[in-house]
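These notes concern the structure reproduced below.
The values are calculated or read from the model by the stated rules, or taken from the named source; none is laboratory data. All values reported here derive from a predicted model rather than from experimental measurement. Ideal geometry is used to build each Cβ from the backbone, glycine not excepted, and the neighbour counts take in all protein chains shown.
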Amino acid sequence: MRLSQLFSKTIRDFPKEEEAVNAKLLIKAGYIRKLSAGVYAYLPLAWRVLNKINNIIREEMNAIGGQELLMPTLVAKEYWEKSGRWDVDVAFKTQLPTSKSPEFALGWTHEEAVTYLATNFISSYQDLPMAAYQIQTKFRAEARAKNGLLRGREFLMKDLYSFHTDQADLDNYYQKVIDAYKKIMDCLSLNKKYLIAEADGGPFTKEYTHEFQVLAPAGEDEVFYCDGSASPADGSTLPTGVCDFAQNKEISNVKVGDECPRHDGIIQKANGIEVANVFKLGTRYSDAFNLKFKDKAGVDQPVIMGSYGVGPTRLMGALVEVYNDDRGIIWPESVAPYSVYLASLGTQNKKVAELAEKLYTDFSKVGIEVLFDDRDVSAGQKLADADLLGITWRVVVSEKTGNKIEMKARNLQEVKLLSIKEAVNLLSR
């Protein structure tokens, strides 16, 4: 992609109306634009990042038997009334401009819709277990949209729903989803930067649930957790940071400095960005929609359900909150919009221009994703934009480099002078 043709531009200053780091950097770098409070357009660079996040999520959901589908955004009032969730504060409601038109709520979650759909396909124990998921835009009437992509009124969500014959089967799948989410976090380079915290089920379930909380100052949640620094009372070894005790402030009865209730570690507190969650729904929705299956004895039994969410747009915001410096974004390699930011310094020099064009062609031929800065702007602006955009590798061609090229990783200070062949080999690993 040639930067001169990109449907976006960087801007000189941070947007004054934004306070969150993720919104400031993403807007300045030309990834997103705000249309109204809590509503953003995801421009081509952001869409590439989101697609990579989605594909990482998709791969792990498929690996645990999830089947991808797409449910409607407009969910009729009758479905929400069955579960008792029509009159909730978070729902955007609408209807056709006629007095007798049915009312709808824009989907802020899809337990009702998926349970209704399941009544068409589940009737026997032989149909279970089953799991289906979607990656879809959700809408929530947030009273105060803030923190950029971390609390919006319109956002992208992956929601997975599972159906089971008994509690043991649900418990087993629940853990599979947690393990899949761990793999997603690792692939996004968020390992050692998140906690799995016990939390309240809110409007979804009366049981405790689990949240994946990325630790960052911008996080709206407060999480109490064990520092894992001491050995448990039984004398067994507990390496630093391994204790799994973590709770959201909403349910926690501990405070900073307390001894961990599970080990001899000390309780700490941190701000967290909730990027994923898992819920054991039990039979709440299957009872509401009369979703049953016949067991081996031919007796009707309620289907037991689980619900599991991951927020791709919130993950994108969390990554920017975690990975940035005073020059801009530093994307993890797995989700960077392009692998290479190719900058030609001195576009008036024919030799430099020809070498840059050759690099662009050669890289593209071998499948290396390249954003080619072919603009007629100063070298300073090109180098500043390279840092701001946060692409993994910066490749520079100039009169000083001769027949070689200058390569620098965004997260390192070291600059390498390589031949084209050496660069291709490095980028193709």
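Residues in region 380-409 that are out of contact with any helix residue (DSSP H, G or I) (no Cβ under 7 Å at 6 or more places or on another chain) and of a type in the set (D, E, K, R): Lys382, Asp385, Asp387, Lys400, Lys404, Glu406, Lys408.
Looking at (1) modelled with pLDDT of 95 or more; (2) in a loop (DSSP other than H, G, I, E, B), which is the only condition Ile135 fails? Against the list (1) modelled with pLDDT of 95 or more; (2) in a loop (DSSP other than H, G, I, E, B), Ile135 comes up short only on (2). Quick one: would you say Ser252 is part of a loop (DSSP other than H, G, I, E, B), buried (at least 16 other Cβ atoms within 10 Å of the Cβ), among the hydroxyl-bearing types (Ser, Thr, Tyr) and modelled with pLDDT under 95? Taking the combined requirement at face value, the residue satisfies it.
For region 334-360, the set of residues classified as crowded, with 17+ Cβ neighbours inside 10 Å, under 24 Å from Tyr42 (Cα atoms) and either among the hydroxyl-bearing types (Ser, Thr, Tyr) or at pLDDT below 90 (or both) consists of Tyr338, Ser339, Tyr341, listed by residue number.
Summed over region 322-333, the residues that are outside any loop (DSSP other than H, G, I, E, B) and surrounded by fewer than 24 Cβ atoms within 10 Å (Cβ to Cβ) give a count of 4.
For region 50-66, the criterion of a residue being under 21 Å from Thr10 (Cα atoms), touching a residue at least 60 places away in the same chain (Cβ under 8 Å) and not in a strand (DSSP E or B) is satisfied by at least one position. Could you tell me whether region 86-98 includes any residue that is without any contact (Cβ under 8 Å) to a residue 40 or more places away in the chain, part of a loop (DSSP other than H, G, I, E, B) and surrounded by 11 or more Cβ atoms within 10 Å (Cβ to Cβ)? Looking for residues that are without any contact (Cβ under 8 Å) to a residue 40 or more places away in the chain, part of a loop (DSSP other than H, G, I, E, B) and surrounded by 11 or more Cβ atoms within 10 Å (Cβ to Cβ), one finds at least one in region 86-98, hence yes. For region 180-237, filtered to residues that are surrounded by 19 or more Cβ atoms within 10 Å (Cβ to Cβ) and at pLDDT below 90, the residue that is farthest from Lys82 (Cα to Cα) is Gly228. For the structure I just gave you, tell me whether Leu70 is under 30 Å from Pro129 (Cβ atoms), out of contact with any helix residue (DSSP H, G or I) (no Cβ under 8 Å at 6 or more places or on another chain) and either in contact (Cβ under 8 Å) with a residue 24 or more places away in the chain or buried (at least 16 other Cβ atoms within 10 Å of the Cβ) (or both). Judged against the criteria, Leu70 is a match. Within region 398-414, the set of residues being outside any loop (DSSP other than H, G, I, E, B), modelled with pLDDT under 95 and aliphatic (A, V, I, L, M) comprises just one member, Ile405. Candidates in region 418-429 are the residues that are outside any helix (DSSP H, G or I) and loosely packed, with under 14 Cβ neighbours inside 10 Å; of these, the one that is modelled with the highest pLDDT is Ser419. One residue stands out among those in region 121-164 that are hydrophobic (A, V, I, L, M, F, W, C) and under 30 Å from Lys294 (Cβ atoms): the one that is nearest to the chain's Cα centre (by Cα), which is Leu160.
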